[in-house]
Every structure is written in structure tokens, then in C-alpha cells.
Amino acid sequence: MLKVGVLGAGHLGKIHLRLLNESSKYELIGFYDPDAINGEKVATEFGYSYFENMNSLIDAVDVVDIVTPTLSHYDCAKKAMEKGRHVFIEKPITNTLEEAQELLALESKLNVKGQVGHVERFNPAFSAVKNKIKNPMFIETHRLAEFNPRGTDVPVVLDLMIHDIDAILSVVDSKVKQINASGVSVISHSPDIANARIEFENGCVANLTASRISLKNMRKSRFFQRDAYISVDFLEKKVEVVKMKDAPESPGQFDMILQNAEGEKKQIYFENPEIEVNNAILDELETFAEAINRDTVPVVTLKQGTHALQVALQVIQCF
């Protein structure tokens, strides 16, 4: 079991603490939070060991789980990595691209491992269809959330849209060619609603919408590719897979057949991939432990987290 410590005991930090405490792959040593009152309260309520000093916690563990505000990700990760600790960093990886690139360099230099908390990669609906998404040419995503003051310290692109940016980058095997975007501030000092159009060199186009002032929550992505349409509902954990194949010479009574202008006939059929129930946060933490123990590449590398941040910042620069 890897000894792990958590930096940050806010809403998400407490979830990480609970899951790490339950995990068979980690031994939870304790946590640090700069707010001593909150730290003592969490320690009293849940029984976790509260460290009053971040460095003493880092010294006591093998893995540092960073669940602090984005502005402090870089400083926390740098301190941990320089002491030879592996780091799990909540998304976005850092506040600036320069900070992320420096962490990448440290990871390579110090031979430690890092993973970024892009939790939607572990969403069971996405996992069920990811291997079916092959060369998508049009992608549409909607990530809408009801207003919550937590997270409004960063633009909605870094708060919400970056989830979809990372998921898209994981299935589109091409470089970004051009980005157009717009964002509007409604209640926060940074944009609360944003739309981005990302064009890739291979011709794929992704249209992303994110809002944190919606009346209802929605997290849906749709992937269109040759002979297939794949829909992923990250919130309801449901998928739709609609595919086409050459129509049989003698279609059955209930077969769905389409014919194009050239007279080619296609049969439409549906696939129902099995969706395995899981805890995505626990999965991302435990696969990181496996990557450390087996010396393999983490599912969401610091390089991938940096790429997602780079694209997100390019979206913001369009505003």
C-alpha cells in the first residue's frame, strides 16, 4: 500500500479523503489544509490525521494528492516532486501553461509520476464507448450546471469546459488547427457561459458549450463519424450507439434501411454497450496507484493535462 497525503480539505478534498481511506491500494497518512479551523473540524469529524505543516505531510508519504484551489497547484506539486513524491493533481493541472510545463520538466528530471484529475475519463458511460469512437469528424458537447459560488474563481472554461476538451483530445488523433470562441460574464467576474469551435488538422470539428448559470444540469457529448453516431450522457451515465452497415439483399420486415441519392442502401442498427457501475474518483486514484506500483504510464498524464490546459487557455484568449 502506498502512503498518501491529501492537500486541501474542501468539498472535493473530503471526498478524496474518504475514498483514499477506504481504498485497499493506499494507506491514508493524513491531510493538510491552510485553514486550521477547517482542518481541525475535518479531523475531529472524520478522524483523519491533520498536519499543521504541509512539508511534514509531504515528508511522511509516497504520494501527494493535491485538491487545493488551482492557483496553488503548481507550488504544492513542485514541493512534493522535489522531495521525490508522486503527485495526483486535480484539474486543471495548473493556473498557467508555464507552470504546467515546469512540472512536466520536473516529472522527467526527478523520475516521479503524475496524474491529472480529469475524472470524466473514468465515467462508466465514456469508458463503455471510448473504443468505438474512431476518427470522429464532428463532435458536439453541452456541459451545463446550476449556479454554485464554488469554482467561480476561474472562468467556466477552466471550471467545466476543460472536462470536454480533455475527453475530445483523448479521442481525436490530430493537432488543433484553429479555435474560435466567445464567452459572457453574467454573475461572476469571469465568463459564466462559453462556446468554442475547435478545428483539427484532420478536418474534425468540435463545438463545445459550457454554462454554470443554467436552470438544469446537463453533461452530454455527441460524436459523429463515418457510419456511426455515438451519444454519451456523462450525468445520467447512459449511451446511445447508432451504426450503419451495408443493407442485406433481402431486408427483414423490421430492418431500418436508408438509401442515398446514389442508390446505396444502408441498414441502421443499435448497439447497447454494457455500462459497469463504478466510482470514477476512486478509479482514477487507484489506477494511479497501479501505474506507480507497476511503473506504467498513468491514464491521464501530466502531458495530457497540460495539453488540455493549453487548449482551454487558447479558448479563453478568444474572448
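List of remarks:
- Global form of the stretch 1-72, assessed from the alpha-carbon gyration tensor, a/c cut-off 1.5: rounded
- Taking all pairs of distinct alpha-carbon atoms in the stretch 238-287, Kirkwood radius in angstrom: 14.0 Å
- Surface/4 of the Cα convex hull for the stretch 151-282, nm²: 12.0 nm²
- Accessible area (Å², 1.4 Å probe, nearest 10) - Asp153: 110 Å²
- Accessible area per residue for the chain is 50 Å², calculated with a 1.4 Å probe on protein heavy atoms, without ligands, DNA or RNA.
- The stretch 29-51 and the stretch 231-294 have their alpha-carbon centroids 44 Å apart.
- Ranked by the mean number of other Cβ atoms within 10 Å per residue, highest first, peptides 6-13, 198-205, 81-88 order as 6-13, 81-88, 198-205.
- Net charge dipole size for the stretch 134-198 [Lys, Arg +1 and Asp, Glu -1 on Cβ; Debye, nearest 20]: 280 debye
- Kirkwood Rh, Cα atoms: Rg over Rh of the chain: 1.02
- Partner lysines whose Cα lies under 18 Å from the Cα of Lys245, excluding those fewer than 8 positions away in the same chain, are identified as Lys132, Lys134, Lys265, Lys266.
- Note: relative contact order over the chain, using C-alpha pairs below 8 Å and six or more positions apart, is 18 percent.
- Centre-to-centre separation between the Cα atoms of the stretch 151-211 and those of the stretch 55-83: 28 Å.
- Solvent-accessible area of Phe122 with every protein chain in place, 1.4 Å probe, in Å² to the nearest 10: 20 Å²
- Applying D = kT/(6 pi eta Rh) to the stretch 85-187, where Rh is the Kirkwood radius over alpha-carbon pairs, T corresponds to 10 °C and eta to 1.306 mPa s, the Stokes-Einstein value obtained is 99 µm²/s.
- Taking only protein heavy atoms and a 1.4 Å probe, the accessible area of the chain is 48% carbon and sulfur.
- Taken about its Cα centre, the stretch 1-146 carries a charge dipole of roughly 720 debye when the Cβ of each Lys and Arg holds +1 and the Cβ of each Asp and Glu holds -1.
- Partners for Lys91 among lysines (Cα-Cα distance below 20 Å; same-chain residues under 8 apart left out): Lys14, Lys78, Lys79, Lys113, Lys220, Lys303
- Shape analysis of the stretch 1-140 based on the Cα gyration tensor places the equivalent ellipsoid semi-axes at 28, 19, 14 Å, largest first.
- Charged side chains reduced to their Cβ positions (Lys and Arg at +1, Asp and Glu at -1) give the chain a dipole of some 420 debye around its Cα centre.
- Helical contribution to [θ] at 222 nm, DSSP H n ≥ 4, -39,500 (n - 2.57), averaged over the chain, rounded to 500: -9500 deg cm²/dmol
- Farthest toward positive dipole pole in the chain [+1 Lys/Arg, -1 Asp/Glu at C-beta], among Leu169, His16, Leu285: Leu169
The values are calculated or read from the model by the stated rules, or taken from the named source; none is laboratory data. Just so it is clear, the structure is predicted and the values come from calculations on it, not from any experiment. FYI the Cβ positions are ideal-geometry reconstructions off the backbone, even for glycines, and counts take in every protein chain you see. Accessible surface areas use protein heavy atoms only, side chains included; no ligands, DNA or RNA. Shrake-Rupley method; radii C 1.70, N 1.55, O 1.52, S 1.80 Å.
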